[in-house]
Structure formats: structure tokens, C-alpha cells
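For reference, the structure is listed below as C-alpha cells.
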Amino acid sequence: MPVHKNGAQRASSHRSTRSIVFGLAFALVAAISLANPFPAAASGIKVVIIVGPVESNTANYIDNAKRYAAQARSYGANVVEIYSPNATWSRVKAAAQEAKVVIYLGHGNGSPSPYGAWSKYSKDGFGLNATAGNGNSNRKYYGEYYIDTQIKLAPNAVVILNRLCYASGNSEWGSPNPTKTTARTRVDNYASGFLRANARAVFAEGITDASYILYGLFKTNRSIGSIFTSSSNWSTAYDFQFQSTRNPAYRDWMDPKTPGRYYRSVVGSLGLSAATFRGS
């Protein structure tokens, strides 16, 4: 299903200054980890970091992805980086097998949206390069079907969706804020394929830094739910939970900044501990 390249999925136009904020956040997390070393069985844990094509913002997304890569390596992880213009489905599919953590930055194509009915082939997955080496506007969506049927993540894997539209319930920049019902449906839909691919938690950070998740997974024994609330962007005022409709064994937790501004969510086994994540 074609999606207007300036429409669905735009996650961060005019946000190059955000790289500075991300850099400061990463430095803070690194300092905390040095000050509070935690014995973690992190050596060899596979972390796959993907940046899809996002036109003129691609370099900024890659800068932020490289900070996540450096952070994960500092914890002993085995990190694989796949960046546009060479982030094709074949490369991503091969790298993601048995990954313990998958981090994706790029365009999101979720549902409900203004761009037609839900399709398992194009919605709620990755926006990747249709062909290798052909620029950062060369995009094809690989939806839930491809994640669910062609990727098998490691046991208790965690997926982090960063700077996407739709994944955390949000709308595109410049579009009206969604209703609560629409935002809930978007979050539940976007997590579904990854949960069926063996993930046990899917975090979505629409506009904010996700380094706190890596710190929580590798350097603490917190639960998934406790990691979610450990973010400096945790609002406390408007958060809510509900049982997943698409995957009833799991719960969804959303933390809007204000009513209608849905930039943070997690779906999965909220009680799963970081120690279990590392140890399985």
C-alpha cells in the first residue's frame, strides 16, 4: 500500500537539535552506570539497531542510533548496526534472528490512520529501504506479517521503537491529536507482530530518548513496568493500563504527556524482570 512520503509516518521533521538533547541524556546514563555498577550477565547479548530511510532527517537518526550502539557495547552487548541507505528487509531479517534487543528508528506506518484500511503487509512494522544504496527516500513498509512470520527473536526479547509516528499512539506532526480510543488501538496493533515474534516487551518512545530502557535492562533488576516509569519523561498524571486486545496475555501501559499527546507506551509482560531478560 503506497503511503505519501510526506504523510503517514513522519516522526521528527525539524528536530536536528534533538540530537544534542539525546547526547546529554546518553552522557547522563553513562555516568549513572559508572557510578552504580550492577553485575549483569550482558556479555554477548545481541542488540540489533536499525535506522530506516527518513529523507533529510536520516543522518540525525543515525547519530542517535550510534549513541544507543555505544551505550549497549559499554554493557558488553554484541551490537549489529543496519542503517539507511542499506537497511533492506533481507539484511534486517537476517540480523534480527535470535536478537535479544531490537531498536528501530524511522518512519512508522500504523493503524488506524488516514491512509486506508489496516493491512498486515504494510502496517505496524518497519519502514526500510526498498533497494540498497539508493538514497534515503527509497522506502518500503514491511508490516506485521513479515515480523510475525519471518523473524524469531530470542526468548524474552525487548523491542524499542523510537521516533516513530503511530507506535506510541501519536499522530503525525501537524495532524490533530488522536482520541484515546484511537491511540489505544494504535499501540496495541503496533506491538502485536513483535510479540508474536517472541518479544516480551515492546517500548515506544515517539519523541524522547530511549537510553533509560537500555540502562534498565542491562544494569538493574527492575521489572519492565518499573523501567517504563524510570524515564525522566514519566508524567504520572495521565497514565493508564489495559489488557491487550490483539495479544490478551499482555498488558498495555500508556503515559501521555497531556491528554491527546501520546508519546510513550509499553506493551508486554510488565512484571518481567531485567534479570530474567538477561538470564534467559
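The values are calculated or read from the model by the stated rules, or taken from the named source; none is laboratory data. Just so you know, these numbers come straight off a predicted model, no measurement behind them. Using ideal geometry, Cβ is built from the backbone for each residue, glycine included, and neighbour counts are taken over all protein chains shown. What goes into the accessible areas is simple: the full protein's heavy atoms, side chains included, and nothing from ligands, DNA or RNA. Shrake-Rupley method; radii C 1.70, N 1.55, O 1.52, S 1.80 Å.
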Original post:
So, in segment 204-248, of the ones that are of a type in the set (Phe, Trp, Tyr) and open to solvent by less than 10 Å² (accessible area, probe 1.4 Å), which residue ends up farthest from the chain's Cα centre (by Cα)?
Top reply: Phe218
Original post:
Out of segment 155-189, which residues are open to solvent by 10 Å² or more (accessible area, probe 1.4 Å) and small (Gly, Ala, Ser)?
Top reply: Ser171, Gly174, Ser175
Original post:
With respect to the numbered conditions (1) modelled with pLDDT of 95 or more; (2) exposed (fewer than 14 other Cβ atoms within 10 Å of the Cβ), which one is the sole condition not fulfilled by Gly268?
Top reply: (2)
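Just to check your reading of the model, which residue among Ala249, Ala201 is within 24 Å of Lys152 (Cα to Cα), in a strand (DSSP E or B) and of a type outside the set (Asp, Glu)?
Ala201
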Original post:
Is there any pair with a first residue in segment 161-179 that is in contact (Cβ under 8 Å) with a residue 24 or more places away in the chain and under 15 Å from Ser111 (Cα atoms) and a second that is part of a loop (DSSP other than H, G, I, E, B) and acidic (Asp, Glu) whose Cβ atoms are under 7 Å apart and which are 6 or more apart or on different chains, and what are they?
Top reply: Cys165/Glu172
Subject >> Subset of segment 72-84 (residues that are assigned to a helix (DSSP H, G or I) and either β-branched (Val, Ile, Thr) or under 16 Å from the mean Cα position of the chain (by Cα) (or both)) >> reply: Ala72
Original post:
Within the set of pairs 6+ apart or on separate chains, which have a first residue in segment 183-199 that is over 9 Å from Gly169 (Cβ atoms), a second that is open to solvent by 20 Å² or more (accessible area, probe 1.4 Å) and in a helix (DSSP H, G or I), and C-beta atoms under 8 Å apart?
Top reply: Ser192/Asp148; Gly193/Tyr145; Gly193/Tyr146; Gly193/Asp148; Arg196/Asp148; Ala197/Asp148
